[in-house]
1. How many residues are more than 23 Å from residue 163 (Cβ to Cβ), at pLDDT below 90 and assigned to a helix (DSSP H, G or I) when one looks only at the stretch 19-74?
2. Could you grab the pairs with beta carbons closer than 8 Å, sequence gap of 6+ or different chains, first residue in the stretch 292-311 and over 20 Å from residue 48 (Cα atoms), second one at pLDDT below 85 and in a helix (DSSP H, G or I)?
3. Need the failing condition index for residue 329 against (1) surrounded by 14 or more Cβ atoms within 10 Å (Cβ to Cβ); (2) without any contact (Cβ under 8 Å) to a residue 24 or more places away in the chain; (3) under 23 Å from residue 238 (Cβ atoms); (4) not basic (Lys, Arg), just the number.
4. How about the stretch 189-302: which helices (runs of 4 or more DSSP H) wholly inside it have at least 3 residues that are loosely packed, with under 13 Cβ neighbours inside 10 Å?
5. Report, ordered by the first and then the second residue, all pairs with beta carbons closer than 7 Å, sequence separation of six or more or different chains, a first member in the stretch 201-230 that is closer than 14 Å to residue 155 by Cα, and a second member that is β-branched (Val, Ile, Thr).
6. Here is a list of conditions, (1) exposed (fewer than 12 other Cβ atoms within 10 Å of the Cβ); (2) in contact with a Ser or Thr (Cβ under 7 Å, 6 or more places away or on another chain), and residue 36 meets all of them except one; can you say which number that is?
7. Considering each residue of the stretch 303-316, count those that are outside any helix (DSSP H, G or I) and surrounded by 14 or more Cβ atoms within 10 Å (Cβ to Cβ), and give that number.
8. Assuming residue 9 fulfils every condition listed in (1) closer than 30 Å to residue 111 by Cβ; (2) exposed (fewer than 13 other Cβ atoms within 10 Å of the Cβ) apart from one, which condition is it?
Amino acid sequence: MIVEVANTPREKPCSRIQFGYFDKILGKKKPQDRLCQNELNTLYMEFPNEKLYKFPFKMFNFTHDVLDNWLNEIAIESGAEFRDGVRCNDIKESNGSYILTLKPKHQDIELVSAKYVIAADGLSSSIRKKIRPDDFARKPLAPTMNYYLKTEGDGDLDPHTLYQFWNLEFNNLMFAWMYKKNELWVVGTGHTDNLIERCDNLLKYVQDKFGLQGEIVKREGYASIFKLDAPNHVFLGCDNMLFIGDAAGLVDIYRGLGMDAADLIGRLLANAIIKGEENNTPPLTLYKKYMRKTIKKINKNSEKQLLIYNNNKELTQALKRSFINMGLGTLFGNLLNKFKSPSKLKLLPA
């Protein structure tokens, strides 16, 4: 059973950009009519010293309301029961299983028994808060903001390019971003201080630099009190209560991604449960084994967060040192992924 608290289809704050290996992880090719009108095939990186780098990098562009609905349809076709508009109010252990208290909107409470509970309720996971309250702070580390612009043309921008701006004045955790989503341009960033002012400054910068004219038609903010900056913040679960995706802390701030890790880990967790049942081995034990490389990468990248740099000069020097290695790692990783099995794919950029 898949339980979704919101009514679907629904949107949510997220870049909504993924890489080609998503199809391989899923085992199905995504329909073109479930994607945005404009494809993304180029990555633009601008460093604090205003040096520019552009290179081909195929991505797919989507919105959650449309693509997630298709994913739900696949799950239902495969035998899952999908319930939206249902909140999980409580989970209790009982004789080797779990009793979940579910509250559908405008309906009576239901009690459901399950052998496994997989928490996929995001960075603000209510389930994780109950069992690990110290993983959450009193206020958000770095809220994010997206501006959606209705423009008169594209100016000097390419609607098929993802733009990254590495500059502490705009974003002090990762890069600021810009891309086109159907008919609207999205300009966004995150920061620990004066977020709206930073986003306004970024918007003015890209408007001046690329000659983009238009008006903001939507603002989309997101904030979580989850301690993503804490070392070793990944938590995969206890007993048969297992965590996945953002709820497990599998967001890689340095890469600016979390959905690809959630996709891959979903397959790994499913394998762990199936093999655990077959071999009488706790699935969590296998899950931790399968996740070692991914967790090591996320922990390593956590050490590269932009917060550790005092100024743009330090950031520029660090980017110069890592740029070649990251580029080569991504190039060869992309090639190797074509030959790897879905459960052993390398998350990109490297």
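The values are calculated or read from the model by the stated rules, or taken from the named source; none is laboratory data. Everything numeric in this text was worked out from a predicted model, so none of it was measured. Quick reminder, even Gly has a Cβ in these numbers, built from the backbone with ideal geometry, and neighbours come from all protein chains shown.
1. Counting residues in the stretch 19-74 that are more than 23 Å from residue 163 (Cβ to Cβ), at pLDDT below 90 and assigned to a helix (DSSP H, G or I) gives 4.
2. What qualifies is 294/261; 298/261.
3. Against the list (1) surrounded by 14 or more Cβ atoms within 10 Å (Cβ to Cβ); (2) without any contact (Cβ under 8 Å) to a residue 24 or more places away in the chain; (3) under 23 Å from residue 238 (Cβ atoms); (4) not basic (Lys, Arg), residue 329 comes up short only on (3).
4. Values: elements: 195-210, 259-279, 283-290, 292-302.
Once the helices (runs of 4 or more DSSP H) in the stretch 189-302 are filtered for at least 3 residues that are loosely packed, with under 13 Cβ neighbours inside 10 Å, what remains is 195-210, 259-279, 292-302.
5. 203/187; 206/187; 212/151; 212/206; 213/151; 214/151
6. (1)
7. Within the stretch 303-316, the first condition is being outside any helix (DSSP H, G or I), and the residues that meet it are 303-305, 309-311.
Next, only the ones that are surrounded by 14 or more Cβ atoms within 10 Å (Cβ to Cβ) stay: 304-305, 309.
Within the stretch 303-316, residues that are outside any helix (DSSP H, G or I) and surrounded by 14 or more Cβ atoms within 10 Å (Cβ to Cβ) number 3.
8. The single condition residue 9 does not satisfy is (2).
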